[in-house]
Amino acid sequence: PLHYAAAVGCVKSAEALLRAAAASNDAGDAVAVAAADAELALLLCQEGRDDDAKTILARRGFRYRLSREVLRYDRDDDDEDERDDDEVAEAIATHSKHVRVFDDAVPEAMLGVLRDAFRPSSSFWREHAYARSDCGFFSYVHELATPTPPQNVMDVVVRHAWRIARLAFPACATATRAEWWAHARPHACGHQMHFDSDDEGSRASRGGDDKIRHPICSLVIFVNGCSGGPTLVTDQTPSSRRLARRGWLARPKTGRVVVFDGTRLHGVVPGRGDVPGVPGDVPGPEGSHRATLMIAFWDKVKIRRAKGPGSSSFWPKGSARPFPPAEALTAALGGETIDGGIPVPAWPSLFMLPSGPEFAASCAGADDDDDADDDDDNVRKAGVSFAGRETAATPVSRVWDDVDAAANGACMPSLLVDKIQSLPPIDACFMF
């Protein structure tokens, strides 16, 4: 209900529907009631009605929640535009080891191809069954260690992104492979806090090793930043023994690139209120989704080829598949089959290299590894760097709040979020 209400400009009217659903006495609707409670609590938190939200969250057994600063983030970005260079530089210095943000960092022609490929009605989402609840994670891998002329659009995009990643985190220069995946979600849909990891941390990916592997750094390209909530990056790592203390928000903005340390806990805050521009100027489905491309840079990561009769190396979908070969991109246009007769999906044709001069110009320098002159000062000066203009993320002084501070403080030892000495169970922490 909240997703639909945000899209048509009537979030406030969703409260009555959610309260009715949450009040259901049907024992068979326990899952639906819990979901309604969660959406209602999120709505109340984002409206600043913390006491009302507290009643629901305490009843559901939550001790902690994402803070008011996070969930009720400031939608007004005027403060960003009014900062001078010295203020921006000072702010960047406080978070540069965790996260860095670059505006206008994607060439226009490149961004246009990505916007077309990842529009909500694209065959990419349909053929990957992205809208299904059982979709599962899927991603594609490109080689970095042995550069070759680009064979497809994503080769170019990944190379461009790698230059920015190396600038943001020099350790990324040792990366040998890049893994990418994408999301297109409605305004009010977030992404739970998580760590990026090899094959989502599955035991099979570890080869018997108990240690979960994380990328050197991860990068987010805002393909469509006209709606949705900000990306939240925190100072919490897999070895942390306490909940994150500090965080930084990067608002959606088309063409913005966010790069963060691959060991940092992060997520996406649901968009607050109605979709921007609603009511009065209801956007179409192409503009109401927050579309992002994520790229993780690895020192090493296993490419997981599809297996089984009739399967190709990249299809059916799965984690860390090789990107479709050149013959698959052209075969997709004619409805042909490859590798034992499996039909080639149509989506690879979205990433064929355009023949026009505009895209060729945007590729210039994508394979140029000489970054000696691309220092931090140049990046912060508008219009001269491949990485656009660096800007500061919005600091969050508190990532988590107590749901009921009095109840947490009465525990021995104290369970107050500022005093607890160990990580609480994940199901005690309300995200959204």
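Looking only at region 80-138, how many residues end up being open to solvent by less than 30 Å² (accessible area, probe 1.4 Å), within 29 Å of W248 (Cα to Cα) and part of a loop (DSSP other than H, G, I, E, B)?
Final tally of qualifying residues: 5.
Is there a residue in region 306-314 that is of a type outside the set (V, I, T), open to solvent by less than 10 Å² (accessible area, probe 1.4 Å) and at pLDDT below 80?
yes
So is D418 among the acidic types (D, E), touching a helix residue (DSSP H, G or I) at 6+ places or on another chain (Cβ under 9 Å) and surrounded by fewer than 18 Cβ atoms within 10 Å (Cβ to Cβ) or not?
Considered against the rule, which asks whether it is among the acidic types (D, E), touching a helix residue (DSSP H, G or I) at 6+ places or on another chain (Cβ under 9 Å) and surrounded by fewer than 18 Cβ atoms within 10 Å (Cβ to Cβ), D418 comes out as no.
Among what's in region 264-300 and is part of a loop (DSSP other than H, G, I, E, B) and open to solvent by less than 10 Å² (accessible area, probe 1.4 Å), pick the residue that is modelled with the lowest pLDDT.
The selected residue is V275.
Filtering region 248-263 down to residues that are over 18 Å from D74 (Cβ atoms) and among the β-branched types (V, I, T), which residue is surrounded by the fewest Cβ atoms within 10 Å (Cβ to Cβ)?
So, considering only residues that are over 18 Å from D74 (Cβ atoms) and among the β-branched types (V, I, T), the one surrounded by the fewest Cβ atoms within 10 Å (Cβ to Cβ) is T254.
Just wondering, is there one or more residues in region 80-94 that are touching a residue at least 12 places away in the same chain (Cβ under 8 Å) and within 22 Å of W162 (Cα to Cα)?
Within region 80-94 (the criterion being touching a residue at least 12 places away in the same chain (Cβ under 8 Å) and within 22 Å of W162 (Cα to Cα)), the answer is yes, since at least one residue qualifies.
Would you check which residues across region 164-186 are open to solvent by 20 Å² or more (accessible area, probe 1.4 Å) and either farther than 20 Å from N224 by Cα or among the acidic types (D, E) (or both) and list them?
The initial filter retains those residues of region 164-186 that are open to solvent by 20 Å² or more (accessible area, probe 1.4 Å), namely 166-167, 169-171, 173-174, 176-177, 181, 183, 185-186.
If the condition is that a residue be open to solvent by 20 Å² or more (accessible area, probe 1.4 Å) and either farther than 20 Å from N224 by Cα or among the acidic types (D, E) (or both), then R166, L167, F169, P170, A171, A173, T174, T176, R177 are the ones that fit.
The values are calculated or read from the model by the stated rules, or taken from the named source; none is laboratory data. Because the structure is a prediction, the values reported are computed rather than measured. Glycine also receives a Cβ, built like all others from the backbone with ideal geometry; neighbour counts cover every protein chain displayed. These area figures cover heavy atoms from the full protein model, side chains too; ligands, DNA and RNA do not enter into them. Shrake-Rupley method; radii C 1.70, N 1.55, O 1.52, S 1.80 Å.
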